[in-house]
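Below is one structure, written out as structure tokens; the observations come after it.
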Amino acid sequence: MYDIIAQNPLSAALVALVGLSVIFGAVLGYAAVKFKVEGDPIVEQIDSLLPQTQCGQCGYPGCRPYAEAIANGDTINKCPPGGQTTINAIADLLDVEAPTLDEEHGEESDVKTVAYIREDECIGCTKCIQACPVDAILGAAKLMHTVIISECTGCDLCVEPCPVDCIDMLPVAKGLGDWKWDMPVSPEDQIKGLDTSGIIATDKIASDKTDGDQAA
Amino acid sequence: MRKVWDLIGGVHPPENKHQSVQSSIGTLPMPKELVIPLSQHIGAPPKLLVAEGEHVLKGQVLAEPKGFVSVGIHAPTSGVISAISDHPIPHPSGMAARCITLIPDGEDRWVETKGIETKGIENYRERSPEELLNIIRQSGIVGMGGAGFPSAVKLGARQPISTLIINGTECEPYITADDMLMRERPQEIIEGIKILSYILGEPEEILIGIEDNKPEAYEALEPYLKDTNIELVEFQTRYPSGGEKQLIQILTGKEVPNGGLPADVGIVCQNIGTTHAIKRAIQQGEPLISRVTTVTGKACQTNRNYQVLIGTPISHLLEHNGFDANQCPRLVMGGPMMGFTLEDLNIPVVKTTNCILAPTAEELPTPPPAQPCIRCGMCAEACPASLLPQQLFWYAQSQNYERLEAHSLFDCIECGACSYVCPSNIPLVQYYRASKGEMRKLAQEKINSDRARERFEFQKARKEKEEAAKAAKREARKKAAEQARAKAASNTEGSKEGNASDKTASSPADDIIKAAMARAAAQKASPEEQREKLKRGISRAESHVESVQKRLNGLEPEATEKQREQALAAVEDAQLRLKDAQQKLADLKLSTDSDAPDSSQPSTEKAVMAKIQASPKEALEKKIATLKERIAVTEEKIAEADDEPLTAALKNGLEKQQTKLKDAEQQLAETPDQSAAQTATPETEDAASAAIAKAQAKAAAQASMSDEDKLKATVESLQNRLKKAQEKLTSAEEEGSEHIDAFRSGVEKLQAKLTAAEAQLAQETH
């Protein structure tokens, strides 16, 4: 045995390597079948970052299809409701440079809007109900419809099909519950005198008088 | 002396407490109007119970708690409700919220029931803790230290409580409300602690935490602690030792877990003011309608504590203290560390207002502009929550919320110690507050988007299901239409293409046969059932005969000839029917009698199997044999029978058997040349076989017919149907039936079909 190997080192090495590759190939093949991942995990991850308005402004019928398209190489800047935050998050996930929002698909708006139906004008055609991607419109044929505001994603899709144009997209009412502190002005801006707000009492610049004092 | 742990971090800003403790807790004249915000606590807003223009008495419930984490509000004095509208409330945002405006009538008359109990409870130990908790909740008592969390919820914790801590720390500069309360009303506070202890099931330890800068309060409380298990613990003055978690750590060394509550480590913490309010509510039946508030700052001439009615405008407080607006650049509610600036002097005092601070510009100078962070690490040393303020600052600036979360931003108590010590004057706590708000918003958005996704996916699944159901229906209809077409095609093509017709013609014929068999099988009931049915029929017929005869007999002699005739006809008819039914029964009996030998289940099966297995010819031969036997039996019976109707019935049966025999013999003769013998079932006497034969004959006839003939046949049948339909229609018209429309439309349809068929026929012949 040893003699044979010593006499034919080249073929012995060849046999050994082929043998190893066969074994590892079998192991990998088995693992590929046994531990197959169902679905595309990256699609799930992208989908979870998208805002789920299901508005179709990206050109795909819903957020998941767009997530699939991104996974297949589409650009990541087609989502106006998500805006730059979403683009940054996806860019982070895919480890690519974050592009700016493609204005072709719409503009990012700071104000979140939801649909309201002017109920006296509604004729009960159910067209908006069919258009709503999240079943947030309530009503029946020939009966008044109304929007479940808490479920409305503000996707806009119900406005166009309405034959009597009785759906308005109105900004969400801001209450005390939605209020949050503003980010302080950065030190650079503060030095430039752009600070107009404060936090705790010691940080607050309130009146013009103080500003005058400061200047003086 | 009890072991006291040190506060982690912390700062010691100038206390400035001496100004406001010079005189006792004062009272103010009644303001012109009181503005009571509906929601002064954390949790669900209460339900409004009063309307504009209504006259209310002091202590009357204005709004009742709605939901678990909620408390009510009460009228601080008697008067008229002038408005229920949006009014600026004490909140850092300066926003407006729903408020009740009350114009006092000056009488200050108490409501009869004093809110909850007529005169309070003398001996609270007679009541259950649940009852007392409900009184606390109904009395509108919330944490008066600043957060405004409903006290009943806090005291109703499910966890067993081993330590009750009363927070008399009041660590923030300037504020002395709790200090003065402890000095002036120690007895009431101790009484309140006893009530709390009773509600909590007498915890092992009851501690009052107090800073060493309040020796007067300490001395005032001490005499009342004799014969109680309440322990007064003094510790070093340091901000923010009054924070709930910080105080727990100082007094017990225990740390409240991240995201947990003090109750998780068996501790409940209550503020001095809250304890006092609970005592008043339980023993005096007085809801939370006033509180002690410090009015201080150099912009006010007098610095003092007042017992202020909830809803008193701050301007009223300031007016009576010689407030100089020119000296005061900003008015602060709360302390200088954690308070917020007020934009409007008409903002009311609420349940959580412990201090109104009116400082001069020198007293509370505007911080100089922030400089870049020099990484000195002083903020980390000052942080009482052991966080890394510097790291948090970087992450907050870069909006790296993931890292902020990892660095436990939500453990920050926003005490402002880091901002206070920062040599670069960076408003650190403002960054944390803003980031917290942003993170809460993102978390809410995440919840919303997850729900939207769920709803979207559910809708998609639902639509797919509906689509599938529709497709299945369509498929079924298509199949039916195809079958009908194939049938029609085989009818028309049958004779045209001689050779090809065999296959196409046979399949519809088979279908027809199968259908007929199924029908026959469905109709054919077991002999027993048939017998039952017939017996029932007979009894019905008999009763019918009787009733008809009665009617005949009962007819008046002067009845017309016609009536009599009718009645007679009816009797005859009924008798005929009876006879028929009896005959059928006899028939059935006969057949079952002759079948009796092999009526048991297994043998019947065997016989059937044999029948199926046997060739048609054999089966026929066998049947002929059995028929012959049966005929013989019947003949014997006829000979034996002496009863007239039975003989007739038997004779009838015999005749039938004979015809059957003849049929069978004939069939036997035909069998050898029958190619489709397999399709015919062996049981020729069956209704199914009759239908099969008919269908076969029809199929054969159709196959042999030319197209023209077929069309002619169709036209003929259509004409027949049309005639029938028209007859029905006329009769319906005569009777005025409600289905007249249906009949008419049926006639119209038939006419249309007929014309179409005729047109086709005309085409064929040309």
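The values are calculated or read from the model by the stated rules, or taken from the named source; none is laboratory data. The model shown is predicted, which means the values in this text are computed figures rather than measured ones. Don't worry about glycine lacking a Cβ; one is built from the backbone with ideal geometry, like all the others, and counts go over all protein chains shown.
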ask   = Taking the stated definitions as given, is B:G145 under 21 Å from B:L251 (Cβ atoms) and either of a type in the set (D, E, K, R) or at pLDDT below 90 (or both)?
value = yes
key: Filter result (among the aliphatic types (A, V, I, L, M) and over 23 Å from B:Q246 (Cβ atoms)) within segment B:197-224   = B:I199, B:A220
task = Exactly one condition in (1) at pLDDT 90 or above; (2) within 11 Å of chain B (Cβ to nearest Cβ) is not met by A:L14; state its number.
result = (2)
task = Name every residue in segment A:129-155 that is within 14 Å of chain B (Cβ to nearest Cβ) and in a loop (DSSP other than H, G, I, E, B), in order of residue number.
result = A:C132, A:P133, A:V134, A:D135, A:A136, A:I148, A:C152, A:T153, A:G154, A:C155
task = Within segment B:321-371, count every residue that is away from chain A (no Cβ under 12 Å) and free of Cβ contacts under 8 Å to residues at least 40 places away in the same chain.
result = 5
message = Given the options B:G259, B:G311, name the one that is crowded, with 23+ Cβ neighbours inside 10 Å and assigned to a loop (DSSP other than H, G, I, E, B).
response = B:G311
inquiry  = Looking at B:Q483 and the list (1) within 30 Å of B:P368 (Cβ to Cβ); (2) in a helix (DSSP H, G or I), which single condition is not satisfied?
reply    = (1)
key: For B:C99: the one exception among (1) within 14 Å of chain A (Cβ to nearest Cβ); (2) assigned to a loop (DSSP other than H, G, I, E, B)   = (2)
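Do you know which residues across segment B:231-251 are hydrophobic (A, V, I, L, M, F, W, C) and part of a helix (DSSP H, G or I)? Steps first, answer last, please.
Just the residues of segment B:231-251 that are hydrophobic (A, V, I, L, M, F, W, C), to begin with: B:232-233, B:235, B:247-248, B:250-251.
Those that are hydrophobic (A, V, I, L, M, F, W, C) and part of a helix (DSSP H, G or I): B:L247, B:I248, B:I250, B:L251.
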request  = State whether one or more residues within segment B:375-388 are of a type in the set (K, R) and crowded, with 23+ Cβ neighbours inside 10 Å.
outcome  = no
ask   = Which numbered condition trips up B:P287, out of (1) part of a strand (DSSP E or B); (2) crowded, with 24+ Cβ neighbours inside 10 Å; (3) away from chain A (no Cβ under 14 Å)?
value = (1)
ask   = Taking the condition in a loop (DSSP other than H, G, I, E, B) and within 14 Å of chain B (Cβ to nearest Cβ), does A:D165 pass?
value = no
message = Show me the helices (runs of 4 or more DSSP H) found entirely inside segment A:1-105 where at least 3 residues are within 25 Å of B:E402 (Cα to Cα).
response = A:41-49, A:63-71, A:83-94
key: Spans of helices (runs of 4 or more DSSP H) in segment B:372-471 with at least 1 residues aromatic (F, W, Y) and facing another protein chain (nearest Cβ under 8 Å)   = B:417-421
query = Is there any pair with a first residue in segment B:78-98 that is closer than 17 Å to B:T312 by Cβ and a second that is hydroxyl-bearing (S, T, Y) and part of a strand (DSSP E or B) whose Cβ atoms are under 6 Å apart and which are 6 or more apart or on different chains, and what are they?
reply = B:S82/B:T101; B:A83/B:T101
